[in-house]
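The block underneath contains the structure these notes are about, expressed in C-alpha cells.
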Amino acid sequence: MKGLVLEGGSMRGMFSAGVMDVFMENGIEFDGAVGVSAGAVFGCNYKSRQIGRAIRYNKRFCNDPRYASFRSLIKTGDIYGADFCYRQIPDELDVFDTETFSKNPMDFYVVATDMDTGKPVYHKCKDGGKEDIEWMRASASMPLVSRTVKIGNYSLSDGGTSDSIPVKFMIRKGYDKIVVILTQPEGFVKKKNKLIPVIKMTMRDKPNFIKAISVRHKMYNKTLACIKKLEESGRILVIRPPEALNIGAVEHNPDELERVYRLGRKIGEEYLGKVKEYLL
C-alpha cells in the first residue's frame, strides 16, 4: 500500500502544501496519509482534492486577527482562533469539500497527544465533518498558546509532542511504499524546548504530558535517525526543504507564505519522477 506522512511545523507546512499541490496536479494518489499538526490541517486537502486551498486561505487571512494573533490568544485562549479557523473558514469563507473528502477512498489519519497519558492518539477521519475537524484542531493545538481540546474522554493537544513524524505508525498499518514530507532540512537537530519550566508550572496536573514534552527533542532526533536508515535502505522516500525555511509559527506576511509554498512546489516538481518510479 502507498502511504504519505506529513510532518507539522506551523507555517513550515506551506512547504508541504506546495509539494502536495504538485502531486495532486500530476495525479499522484495514495492509499492512506497521516498528518501531524500543520500536516493534518493542510494535508486534509489532499483527500478533498482541493488544490491550492491551503495557500489561498492562509494568504487571505494571515493578517486577520481572528485567524492568528495575540489578540485572539488573549480573547479566546487560542493563538489560532478556533471558531474562525475551524468553523467559519471551512464552513463559509473557503469551504472544505466534505463530499469529496468522504468519497475519496484514501484513508486519512491525524495524530494528537493524550494529555493524561502523554501518548499519541491516531484518529482515522471519516467524513471531514465537525468531529474530524476537531481532531485536526487538536493535532495542531500548540502547548501554552492553545486550549486543551476535549473529544469524548480525551483531553488532547499538539500531536507533535508525542509523534512528530509517524513513519512507524504507517509501517504498522501495513504501508510498504511510504513518501515522507519533512519541513526541516537534512542535518537538522531539535533542541530541548526552552519553555519547559513554564509548561511545568502551567500544566502541573498533567505530569505525563510534561514528561512527553521534556523528551520530545530526543524522540524527534531518534525518529530522524530511523528515517535516515529507512531512506538509505530504499524502504521510504523522503522529501525535505533544501535549507531552513525561516518562517514564523505565526506569519503575517503573505509574501513569506508564498515563498515557502513556491519552494515546496519547486521541490515537488523536482521529485515527481522519483516519486512516480518509487510508487510503481
Quiz prompt | Per-region count, the stretch 257-268, residues open to solvent by less than 50 Å² (accessible area, probe 1.4 Å) and either more than 30 Å from Asp176 (Cα to Cα) or more than 16 Å from the chain's Cα centre (by Cα) (or both) | solution = 6
Exercise. Could you tell me whether any residue of the stretch 190-209 is at pLDDT 95 or above, touching a Pro at 6+ places or on another chain (Cβ under 7 Å) and of a type outside the set (A, V, I, L, M)?
Key: no
Quiz item: Of these, Asp31, Asp21, which one is touching a strand residue (DSSP E or B) at 6+ places or on another chain (Cβ under 7 Å) and of a type in the set (D, E, K, R)?
Solution: Asp31
Quiz item: What residue, among those in the stretch 26-56 that are of a type in the set (A, V, I, L, M, F, W, C), in contact (Cβ under 8 Å) with a residue 60 or more places away in the chain and in a loop (DSSP other than H, G, I, E, B), is nearest to Glu99 (Cα to Cα)?
Solution: Phe30
Practice problem: Being assigned to a loop (DSSP other than H, G, I, E, B) and open to solvent by 70 Å² or more (accessible area, probe 1.4 Å) is the filter here, so list the residues in the stretch 169-182 that pass it. | Solution: Lys173, Asp176
Practice problem: Could you tell me whether Lys59 is open to solvent by 10 Å² or more (accessible area, probe 1.4 Å), free of Cβ contacts under 8 Å to residues at least 24 places away in the same chain and out of contact with any strand residue (DSSP E or B) (no Cβ under 9 Å at 6 or more places or on another chain)? | Solution: no
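The values are calculated or read from the model by the stated rules, or taken from the named source; none is laboratory data. Given the structure is predicted, the values throughout are model-derived calculations rather than measurements. Backbone-built Cβ (ideal geometry, glycine too); neighbour counts: all protein chains shown. Accessible surface is based on the protein model in full, side chains and every heavy atom, while ligands, DNA and RNA are left aside. Shrake-Rupley method; radii C 1.70, N 1.55, O 1.52, S 1.80 Å.
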